[in-house]
Each structure stands twice: as C-alpha cells, then as structure tokens.
Amino acid sequence: MPGARNRTPRGAGASGAVEHIPEMEPSSEISVPEPESDSDFEEATKGGPKKRKKKEDGPAPKRKKADAAPATRRKGQDDERGDGSLFEVVKAGKASLQAVIDDWIEGYKVDRNAALLELIQFFIQCSGCRGQITPHMYANMEHAEIIRKMTEEFDEESGDYPLIMSGPVWKKFRANFCDFVQVLVRQCQYSIIYDQYMMDNVISLLTGLTDSQVRAFRHTSTLAAMKLMTALVDVALNLSINLDNTQRQYEAERAKQQNKRAGDRLELLMTKRQELEENQAEIRNMLTYIFKGVFVHRYRDTQPEIRSICMAEIGVWMKKYPNMFLDDSYLKYVGWTLYDKVGDVRNCCLKTLAPLHETQDLSLKLELFTNRFKDRIVEMTLDKEYDVAVQAIRLVINVLKYCEGVLADKDCENVYELVYSSNRQVAQAAGEFLNTKLFQRDDEATKHLKTAKGKKRSPNTPLIRDLVQFFIESELHEHAAYLVDSLWDINEMMKDWECITDLLLEEPGRGEEPLDDRQETSLIEIMVCCVRQAATGESPVGRGPNNRKLTAKENKQVTEDKAKLTEHFIVTLPQLLLKYLMDPEKVANLLQIPQFFDLDIYTASRQEKNLEALLKYLHEIVEKHTDAEVLEACSKCFECLCCEEYAIAGKCDVARKTLIDSLVVKFHEAVQDFFAEGEQPDDEDVFALLASLKRIYAFYCCHDLSNWELWEELFHIVEMANKGANISEEIVCRAVSSCSMAVLWYLNRINEDNPEKSGMKQLKRRLAALMQHCHELLSHQRDKIREEAYVTICDLLIVFSKHLGDNVHMKGLVYEVGKNLQVDLSNFLNEKVFVEDDDDDVDENVKIEELHKRRNFLACFCKLVVYNVVSTKVAADMFKHYMKFYNDYGDIIKATLSKAREINKVNTAKTLAISLTQLYKELQAEQGQIDRSSDAFQSIKELARRFSLSFGLDQVKNREAVAAMHREGIVFSMTQAENAPPGTPPPNLSFMEVLCEFTNKLMKQDKKTVLNYLDKHLAGGVPSNRSDEWQPLLTYRNSLVQGEEQVNPITLKQASAKRYGKRTKADVSDVSAGSFREVHTPGLMNTPQMTSTAVKQRRMEDEGSEVGSEADYEDIKAFRPRRMLRSRAGSVASTAVPTTAHTAWKQHSATAVPHTPQLSQSSDGNISEFDTPSSAGSAAGQSNVQYYHPSPHPQAMAAQAHGPMTPQGHGPMTPQGHGPMTPQGQGQYYPRQGGSGTVYEEGSSQYIDDASSDIASHSSY
C-alpha cells in the first residue's frame, strides 16, 4: 500500500509505551520466528496490497500537509451534529448515515487531508479516547506517533469505552458504528477507494490501532477493520458481477458478423473490462492486506470479544464470497479457533460454519475441512457451555444431511446419548439429530402394512418400533421421560396413540414380528411418558425451570391433547389392564394414565361401561398384587377418580369403600391369625399379614382410613415388636409407617378453629405412645426397624413442632423433645451416617443406594436443627465431621450451619467450639500428649479455619459470636488439672493453636478484651518459661496483639469495595511501568487459541459467594457441592438441602490424546500441510509460564506433554433420585500444557498458546 507504507504502525503499541497507560496490556501476541518461506504472513509486515502496474513505478502519492483550512459543510449540517464531530452524529443516531457520509465525501473532494483528519479523529473518539488530533500533528506525525500520543490521553480512572459500555445509547452506537464503516465503503466504491490515498491511510491507521496494547484501541479498530473488509467483500462481489456482465457483452459483440460489429463499442467494453479487472485486483489486494495485517493477528487476541469479531466476520466473507474465502488457507483459522478457551468464541466458530453446511454446493467444498475437524466438532456437542453444545449438534445435523459419510457410527452414538441430557436445549437438538438419522417416515414402505385382523397400520409403526429398540439399547430405562421430551416437538409419532396401542393390543400381521416382553414393557413406559407430557405440557423434573407457566397457546394445545388421549384411552385402557393384569411392572405404569384424564369425558361421551370396567380391574389388581409400586398407583388412581368436582365421583367412591372394606376385613383376619394364642405363626400367616399391611399403608398414604378404626391393631404390632416378639422386620416397618400416617390423618381431621377436646386428647395420647415406642425401637437389634423408627420420629417432630403452637387452639399438641431423645438421634447419626465405607468389593450401584439413604438420614436430622426443633448444640457431633465427610455430606452440613447461624449466632459459635473440643479430646485420648505436628491435629486446625471462614467478613454482625468462640476456647484451654503443681501448663493448652484461626475475625477493641480475659485465667501471669509446652499460649497472645494499626472494623460492604473497587493511578502506573514497558511488538506465531470443552471438575465455588468467606477458601475437590449459601448475617438462605453429593458416584476419566500432525499457518493455503509438534514448539522460543491450575491427578500430570485431555465415555450417568447426568454436568478442563511454547499466564492480558500441544485433539476422545 504505497500511500501508507511509511505509516504502517507495526510498533505503535509496544515500543513506545509511556508511563501512564490506562488499561494497558502487554502486546497481544508473542514474537515467534517465522520460516523464510512463509510468504503468506511476511507481506503483511512489509507493505500493503499491490497497486496497478501502471502506477507502481511512480512515486507513492504523498499526503498533503494539513495547512489548508477544512472545507465548510452545509449550513444545516452543524445543527444536526451538535459539536460537528462524526462521533456525535453516529452516537446520536438521528441523522442519516448516508447523508452524513455524502457530505464527508464532498469535503474529501475539496480537502482530503482535512476530511481524513476528521475520519481518523472519529475512530479515535469511538475508542473512548478524549485526545484531539490537531492539523499540525496530522501533518507532521506518522500514524504510529499519533497512536502513541493518543494513548497518553486516555482516562486512567476508567476502563470503559463505547463498545463495552452498557445502556441503550451505547448498544445503538455499536450498530451505528458498524453501519457507518460499511456505508462509507459503499458510497465510495466507485471512485475514492481507488485513489490510493483514502483507503491506504484508513487501513494503515486501523492496522496500527489493532496492534496497540490498549484494549479499547484494539477492540474498536478490529471491529472497524473487519466491517471494512466485509464492505470490501460486497464491493468485490459487485465488481465480479459487473465483470461477468461486461465479459458476456464483449463476447456477444465479438460474435456478431464483421459488418454488424460496432468497433467503438468493442473498444469501450474492452476498456471497461480492463478497468474492472484492475479494480478487482486492487480490492483483492486490500482484502489480503487487511486479512494478513489484522485478522491473522487478532483472531488469537487475548480478548474474547475481539476473537469473536474475527470469527463472526470470516463466516460472512465465506458465505458471500466463497470463490476467494471458502478455501483451506482461510478455513484453517476457524478450525483452530474451535479449541478456544472461551465459550462465546467457540460458539462464533460454529455459527460461522453452520450456514456453509446448509447448502449442498458449499458443504461439498468443505469436505476436506470437515474430515479434518470432524472429531473436534463432535466433541463440542459435549461442551460445558450449553449454547455451544446446541450449536455443535445443529452443525453435526447439517453435516449429516449433506456429508453423511463423514460421520462414523461412533460419532452418531455420542450425539444420540445427549437426548438424555439434563439441559432441554441440548436434548432437543440431539433429538432433532436422532430424528434426522433414524426416524424418517416412509409412507410407501408402510402402505400395505396391516394387523392380523386386517386393520391398516399407521405409517409411524416402524418408527415406534425403532424408538423402542433405541430406548432398550440406551439402557436408561428409568428415564423414558427425557427421551420423550427430546422428541416431543420434533416428531408427531409421539402423539400417535392409536399406533402405540395397536402395537400392544393387535396381533402382528404377515411379515411382522411380535413384540417381546421387554419391548412391550419399554413401549408402555414410553407411552405413559407421552401421556404425561401431552396432558401437562411440562418437561420432566430436572429439565428446564420448575415453575414455568404455560402460554395461552400452549394451554390450548394441552387441552386439546388431553381430550384426545382421554377419548382414546377410556376405551383401550381397560383392555390393556386385562391383557397385562398379572404383570406388576406393566400394570404400575398403565395405572398412571387415568391421573391425566379429563374425567368429564366419561359422562359427556357416556362411557359408564368403560368406567365400570376400569374400577373392576382396579379392584382385581389390588387384591392380586402386593408390589408397593402397583398398590401406590392404584391408591393414587382412586384418589383421582374420587375427586368430588367430577360427576363420576359418587360411583368411584362406592367402589373405593367396597375395596377398603374387603381390605380391612382381610387385615383383621390376618392379625388374629398371626397373634393367635398358643400358636406360632407360619409362613402363610406372615405373608397374609404383610400383604394386608402393604395394602393398608398404600391406601393410608392417599385416603383417610380413620373411619375403619385400624389404630389398635396397627399399634399392637408395634408394641409386640418392642416387647421382643419374633415379628418380621417388614411387618414392623409397615406397621410403624401406617401408625405414623394414621396420626397425621387424625391431625388433619381436627378443626383448627374449634377442635374437639376429646379428639385432641386422643391424638395427643396416641402420638405420645407412638413416639415412646419408636424411641425404644431406636435401640432395636434389626437395622431396618431402627431406621424406620428414626425417620418416623424426625417426620413427626417436624409436624408437631413449636410452629403448631402458633394456633392457640392447637398448642396442646406440640411435642416437646426430651434430651434423651436428642442424644439418641445424634448417636444414630454417628452409627449409621458418619461411617467410612472401605469395602471395595461392593457393587457401585449398591454404594450409591447406601449413600442416598445415609444422606436422607442426615437431612432428617438437619431439618430438626433448621426448624429449631432440637437445640443447636445437639448438632455439635455432626459439625465435627464437616471436613472428614465433606464429599458425601458437605453441602447438607454447610446449609444447616448457615441456617443455624440465622437462628442464633452465639449459640452456633458455642456449638462449633464444642465440636472442636470434642475432636481435641478424642485426639488427646488417642495420643495422650498432643503432637501438634501430627496430621490429626492439623485436620482439627483445618476444620477450625473452615469454621472461621464461615463467619464471613462482617465483623460487626458477628462480633458477639466470635467473642463467644474465644471465650469457650480460653476456658477449655486454661482449665487446669486437679492437684496440678504451680507452673504446670494446662493439659489442653495446645488447643490455643486451634483458637488462633478465629483471631482475625475479632475487632480491634475485642482483641484487647479477649486478651484481658485470657490474662485473668493466667493465675501466675504470663509465664516467663518459653518452653515448647507454653508455645501455643504465646502464639495465641501474639495473634491478639497483632493488628494494632487497624482502627475501624471492616464491614461486608467495605470489604467488597476494597476488593472490587477501581484501581488507583498508582496501581495502573505501577503495572504499566513494571509489567508492560519492556514488551515489544510481536511478530507472527503459528498457534491459535485453544481450550477444552469439558467441565472443570475442580472449579472454584460460585462467584456469588462472599469475598474472603468460606467459598473463597474451599478446597478444589471433585464433585464438590456447588450450592453456596451466603453467611452474610440477616440474609435468608435457602432451606433446601442440596443433593449434589449424590452425583459423586461416577467421574469422567481423562486420558491423554496422542499427537497428530498439526495445521501450519505457514502453508500456502493447503489445509493438508502440517508442521511437526517439535518444530512448532521450538519456534516459540519463549519461557514457559503456566496458565492452567496445576492438577495433582496422576493422569493429568502424565498427559501434560501430550496436549488436551477429553472425557472418556460420553453416555449420560443417572444416579438414583436424580435426572440424567450428562457430560455437561461433570468433567474438567484440559490440564495445562507442560510442553514448550506455553507462554501466557492467568490474569495477564496476553494470549499465547502452543499449537503443538493443543491442535493435537483432532484424532480421538
């Protein structure tokens, strides 16, 4: 670019760094030696695009000295502009950009120096710089000097600039800024852009700004340069079209006969064609220069916004001008950036590729690229950013449509499994892929498909069969609802009720295979999930928001679907129940369907006979089955049918009472037979009583059986078990559960406004009797009975707690918890919950079940603490296990601690002190003389440190609680043994070292008070003996004396401001002077930015936690609970007990990926040319600064020299009681690269990475 060659600011942003540079960053690249043959990149540093031959020999046009006065504009223009600057016009957005640019062009024609000065000032102002470029500066300074001068004019106190500022004005400004650049080129495309002056200077300036260390300059100029290039692509397209038209006209004219040919027209067309070719060549030169001078450097910039701009715009160029840009030499940059560490950048890459795969012509041109980066694209379907994963799946769908052969079966399977993802967008995208691959209807193939009776099959029949087979092979039979939800809005077969029921009821026709038992079970499960989805319109639990309200359109659709399914299943459900009457699994699923009926249709369509058939089969099922799931489904079904708002309630209620009468009669008979005097119950008696109890309990859960007076028999079983009778543990457990339900129904029957005294007394007497026996059963020999008694006690204590006394009439029913009961409940936790599971031979699923049960026991006890049913001090035994069992129960204990502190901070502090002293005493009993260097003692200090952090930063609000902690600790530490000689250190003195962890939470004045309190407990004053035995006391006293310079207590608000507040001038200048002054302008490098798409296993706690609180300190542990409850006093934390630890049952293992040849930037455009990892690594030639957090995992350490690590096995993982766990929910970032070439560090503004390590992820998982 001759006119700008002497102005190319290659060193503008680095070598001229000044002392006061706002938001300065080290150069955004590192200088890497390039091969001499790397002509693709060398030209960008030598000069601009080549010019037309006829002008190359002449001198480069010099810019005029800016001594002429700027041209005056139209009289009314200044009124529109305010202060007259282009920046204000674009910012206001009121004036027409085309008119503004037309005026600028007129001024340019009069005085191009003045006009260019105004345009350059516009770009400077858009970057947020307040500096003004004077005509003298413009006339006498190079672009690099101007940029350096403007750098000094930045506002040092603020890091904001227009492109990142919030608000509607600045959001509109960004759009106007982009439009301005594109309109400028469009209006100049026929004249000015070819004058070798305007575009040369604009491109030169923007190139210099993009190389600046100042983020604002780099960001703004990169956006302008990329939009400028997009506008030039449009110009190139117009030139190409005009050139084709001119060529056709020329050929047509030449094809004419000699006597009819117009010679002057031929000459005119030839001249026009030559001019268009020259213009096209010049535009191509400009495009090449901007690409190599800006894009090649900024696509790997440290700022993700800048990288995103580059990726977004290159996609536009490829779509608009595929002849030039849809080439391997450009595509490779997109492929490399697929590994970016920021999700938005990865998303931009995928959005760039998506339109290119939407048409077959372009998709075929991408075949080589797709083959090369296919593994990475498929891997990104597991991205930790859900929007990236969705975009990756959509891209894979497009690849499937036009390049199906590229995807291997393994690739497809990885996407298939995402239909079970807990994220609905990801699952639906995977469902669309699954539908495209497997569920395409073929009406011709099913045209002659009929049942054995000659009934025509639905065209969806083969698809339903395939769906069932897919569900079976996926081996996630508890999550059919997730599969249904993924396909719900995509394929109409999910609502084809007739097709589904015909497969179950009709005999297969000729050429059809009958469904086997497993297929029938799976189909029924899928069918029930479809019914639920159609009748409720809600996604399964764990997928999507829980309280989302349906729109009017969705409600209308749900109403229509509910009516259709009710009309169909009213007729077919009795037939299905009859066919599968003796199959408990199928019946349990089928009995869920009536719960989603529109029951008014029974009367509206006169379906009384089908209702009677349904009630008849329900009665038979209850009498023939003892399976808990089947009985529970029957009970819920009757509850739904007997709802009083429907006309059929009367008939259903009669059927229910008839059924319960028969159940009660059988129960009485079974009790009499079992407890017959003088006879030992045989197996038949045991089975009969257990079956009756199961049925009674199932109906007690949904129906009030108080009128049948079952209490005496039920309670008799509990009494006999307590007396040591030989009764099956299942019978006792069912009897205890039934008694608990009976008590709750008795409470429900009491009129809260005017309760009957007799009913109150009876309920109180029965409650006391049940609680007494359950308390005694806590010490029963059989574990199941103890566990059932424990859960029953906890549940009843919550129901009959102090809150019941808020109603004066119900106050007499409040149950007071005795100390013995509290102690026994706490002991139960120690025996059943806080036990280490060292048995490695136990099946993994059994361990998960056991952990789930233990967490439930702990949650039951924690609810008693949270609702203030038991004293907080009872929880001391639980809190002391906080660190030891953190992975299993840390989330529950932490939530409980937070809620306990809300109830009473001082009591909670004393409870924590008790926990620490208990651990200390246990260690003392084990070691005798405490060894302060032992791991056990250090673990007590670690627990104390964690407790200290849980107090948060607000010293004022926690003042009394912290003081109480020190008081308790001092008393415990200074208690002297009996008959101890004077001068002997107390036996618990080393506890002072534990107490030191809480000193930093004391206010200054409180430190003096605590010090005086400590001195009072020193009978002989501070000991002069400085032996090791007295060292903990001296350490503690010193910690109280330190910090005298602190005058005021720090509040939470002040702490946050201190951490997140603006940086001062001194800070900025120190950083710029100390860190950035020596950084030089980089050359090119051959590595793009890379990252993993897996989730960090060891990520820190939520950003929402308090600064400096426990959340900032938490150890980075795998599958750590992520729910953080603020310890800020006065805040109301969630009472829900997180269950994250349930999911700690399985991890994605990470293994190193071997190197594959990497793409080379030094190639001449062919994507198949590669550098070796060794050459790329040595080319970097830089000191290694590690970026990623070190990982102690042995596999991670072994893999540092091998590049990215990706999770193995992408199938969803589903622990009990939870929705499917997909790889988005677990995993970890690729470990940091340990090989040569990794040159960027966390927190710096620079991005440098090692391609030899990161591009090696093309091969496999």
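Considering L418, L382, the condition of being within 14 Å of R346 (Cβ to Cβ) and surrounded by 24 or more Cβ atoms within 10 Å (Cβ to Cβ) is satisfied by L382 alone.
Conditions tested, residue by residue: (1) without any contact (Cβ under 8 Å) to a residue 40 or more places away in the chain; (2) more than 25 Å from the chain's Cα centre (by Cα); (3) surrounded by fewer than 24 Cβ atoms within 10 Å (Cβ to Cβ).
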residue: P304; (1), (2), (3): no, no, yes
residue: S308; (1), (2), (3): no, no, yes
residue: A312; (1), (2), (3): no, no, yes
residue: M324; (1), (2), (3): no, yes, yes
residue: D327; (1), (2), (3): no, yes, yes
residue: L331; (1), (2), (3): no, yes, no
residue: Y339; (1), (2), (3): no, no, no
residue: D344; (1), (2), (3): no, no, yes
residue: C348; (1), (2), (3): no, no, no
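With the condition kept exactly as written, say whether any residue in the range 757-779 is farther than 19 Å from E719 by Cβ, touching a Lys or Arg at 6+ places or on another chain (Cβ under 9 Å) and open to solvent by 30 Å² or more (accessible area, probe 1.4 Å). If you could, list the steps in order and put the result at the bottom.
Applying the first criterion (farther than 19 Å from E719 by Cβ) to the range 757-779 yields 757-761.
Still in the running and touching a Lys or Arg at 6+ places or on another chain (Cβ under 9 Å): 759.
Checking the rest, the ones that are also open to solvent by 30 Å² or more (accessible area, probe 1.4 Å) come to none.
No, there is no match, as no residue in the range 757-779 is farther than 19 Å from E719 by Cβ, touching a Lys or Arg at 6+ places or on another chain (Cβ under 9 Å) and open to solvent by 30 Å² or more (accessible area, probe 1.4 Å).
So, Q125, is that one under 18 Å from M286 (Cβ atoms), open to solvent by 10 Å² or more (accessible area, probe 1.4 Å) and touching a residue at least 40 places away in the same chain (Cβ under 8 Å) or not? The answer is no for Q125. Being under 15 Å from I727 (Cβ atoms) and either open to solvent by less than 70 Å² (accessible area, probe 1.4 Å) or part of a helix (DSSP H, G or I) (or both) is the filter here, so list the residues in the range 673-690 that pass it. Listed by number, the residues that qualify are D673, F674, F675, A676, P681, D683, D685, V686, F687, A688, L689, L690. Residues in the range 743-760 that are charged (D, E, K, R), under 47 Å from the mean Cα position of the chain (by Cα) and not in a loop (DSSP other than H, G, I, E, B): 1 in all.
I need every pair where a residue in the range 790-805 that is touching a residue at least 40 places away in the same chain (Cβ under 8 Å) has its Cβ under 9 Å from the Cβ of a residue that is in a loop (DSSP other than H, G, I, E, B) and open to solvent by less than 10 Å² (accessible area, probe 1.4 Å), sequence separation at least 6 or different chains. Close Cβ pairs satisfying both conditions: L797/V870. Of all residue pairs spaced 6 or more apart or on separate chains, those with beta-carbon atoms under 8 Å, a first member in the range 679-693 that is under 19 Å from H625 (Cβ atoms) and a second member that is open to solvent by less than 30 Å² (accessible area, probe 1.4 Å) and among the hydroxyl-bearing types (S, T, Y) are L693/S738. Would you be able to tell me the number of residues in the range 870-915 that are of a type in the set (S, T, N, Q), at pLDDT 90 or above and not in a helix (DSSP H, G or I)? Residues flagged as of a type in the set (S, T, N, Q), at pLDDT 90 or above and not in a helix (DSSP H, G or I) within the range 870-915 amount to 0.
Restricting attention to the range 796-833 and to residues that are in a helix (DSSP H, G or I) and acidic (D, E), the residue that is farthest from Y882 (Cα to Cα) turns out to be D806. Counting the residues of the range 256-271 that are within 22 Å of Y190 (Cα to Cα) and open to solvent by 30 Å² or more (accessible area, probe 1.4 Å) gives 5. In a residue-by-residue description of the range 938-946, the property of being acidic (D, E) and under 29 Å from the mean Cα position of the chain (by Cα) applies to no position.
Quick check: is even one residue across the range 791-804 over 26 Å from Q762 (Cβ atoms) and surrounded by fewer than 16 Cβ atoms within 10 Å (Cβ to Cβ)? So far as the range 791-804 goes, no, none of its residues is over 26 Å from Q762 (Cβ atoms) and surrounded by fewer than 16 Cβ atoms within 10 Å (Cβ to Cβ).
The requirement of being without any contact (Cβ under 8 Å) to a residue 40 or more places away in the chain, within 21 Å of E712 (Cβ to Cβ) and open to solvent by 80 Å² or more (accessible area, probe 1.4 Å) is not satisfied by E644. The residue that is nearest to the chain's Cα centre (by Cα), counting only those in the range 280-302 that are surrounded by fewer than 20 Cβ atoms within 10 Å (Cβ to Cβ) and aliphatic (A, V, I, L, M), is V296.
No other residue among K784, K811 is at pLDDT 90 or above and in contact with a helix residue (DSSP H, G or I) (Cβ under 9 Å, 6 or more places away or on another chain) apart from K784. Candidates are the residues of the range 239-255 that are of a type outside the set (S, T, N, Q) and open to solvent by less than 60 Å² (accessible area, probe 1.4 Å); the one that is nearest to the chain's Cα centre (by Cα) is L239.
Please tell me if A430 is of a type in the set (G, A, S) and within 25 Å of Y386 (Cβ to Cβ). Criteria met by A430. Looking at F885, is it surrounded by 15 or more Cβ atoms within 10 Å (Cβ to Cβ) and more than 20 Å from S950 (Cα to Cα)? No: the conditions fail for F885. Look through the range 701-742, keep the residues that are more than 24 Å from L778 (Cα to Cα) and assigned to a helix (DSSP H, G or I), and return whichever of them is least open to solvent (accessible area, probe 1.4 Å). Of everything passing the filter in the range 701-742, S706 is least open to solvent (accessible area, probe 1.4 Å).
Restricting the range 580-599 to residues that are assigned to a helix (DSSP H, G or I) and without any contact (Cβ under 8 Å) to a residue 60 or more places away in the chain, the residue that is surrounded by the most Cβ atoms within 10 Å (Cβ to Cβ) is V587.
Selection over the range 444-461 of residues that are outside any loop (DSSP other than H, G, I, E, B) and either surrounded by fewer than 18 Cβ atoms within 10 Å (Cβ to Cβ) or in contact with a strand residue (DSSP E or B) (Cβ under 6 Å, 6 or more places away or on another chain) (or both) gives a count of 2. Tell me, please, whether a residue that is under 30 Å from N726 (Cα atoms), surrounded by 15 or more Cβ atoms within 10 Å (Cβ to Cβ), in contact with a helix residue (DSSP H, G or I) (Cβ under 9 Å, 6 or more places away or on another chain) and in contact (Cβ under 8 Å) with a residue 40 or more places away in the chain can be found in the range 861-869. Looking for residues that are under 30 Å from N726 (Cα atoms), surrounded by 15 or more Cβ atoms within 10 Å (Cβ to Cβ), in contact with a helix residue (DSSP H, G or I) (Cβ under 9 Å, 6 or more places away or on another chain) and in contact (Cβ under 8 Å) with a residue 40 or more places away in the chain, one finds at least one in the range 861-869, hence yes. Taking each residue of the range 949-973 that is at positive phi and looking for partners that are open to solvent by 30 Å² or more (accessible area, probe 1.4 Å) with beta-carbon atoms closer than 6 Å, six or more apart or interchain, yields G952/R1128. Residue under question is A698, and the condition is that it be surrounded by 20 or more Cβ atoms within 10 Å (Cβ to Cβ), in contact (Cβ under 8 Å) with a residue 60 or more places away in the chain and either touching a Phe, Trp or Tyr at 6+ places or on another chain (Cβ under 7 Å) or on the phi < 0 side of the Ramachandran plot (or both); does it hold? So A698 passes the test. Return yes or no: is R441 surrounded by 21 or more Cβ atoms within 10 Å (Cβ to Cβ), of a type in the set (D, E, K, R) and at pLDDT below 90? Judged against the criteria, R441 is not a match.
Matching residues to (1) farther than 19 Å from K880 by Cβ; (2) open to solvent by 10 Å² or more (accessible area, probe 1.4 Å); (3) at pLDDT below 90; (4) touching a Lys or Arg at 6+ places or on another chain (Cβ under 7 Å):
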| site | (1), (2), (3), (4) |
| --- | --- |
| Q938 | no, yes, no, no |
| R945 | no, yes, no, no |
| S950 | no, no, yes, no |
| L953 | yes, yes, yes, no |
| T975 | yes, yes, yes, no |
| L989 | yes, no, yes, no |
| T1009 | yes, yes, yes, no |
| R1026 | yes, yes, yes, no |
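The values are calculated or read from the model by the stated rules, or taken from the named source; none is laboratory data. Just so it is clear, the structure is predicted and the values come from calculations on it, not from any experiment. We place every Cβ from the backbone using ideal geometry, glycine too, and count neighbours over all the protein chains shown. The protein model used for the area step is the full one, side chains on, heavy atoms only, and it has no ligands, DNA or RNA in it. Shrake-Rupley method; radii C 1.70, N 1.55, O 1.52, S 1.80 Å.
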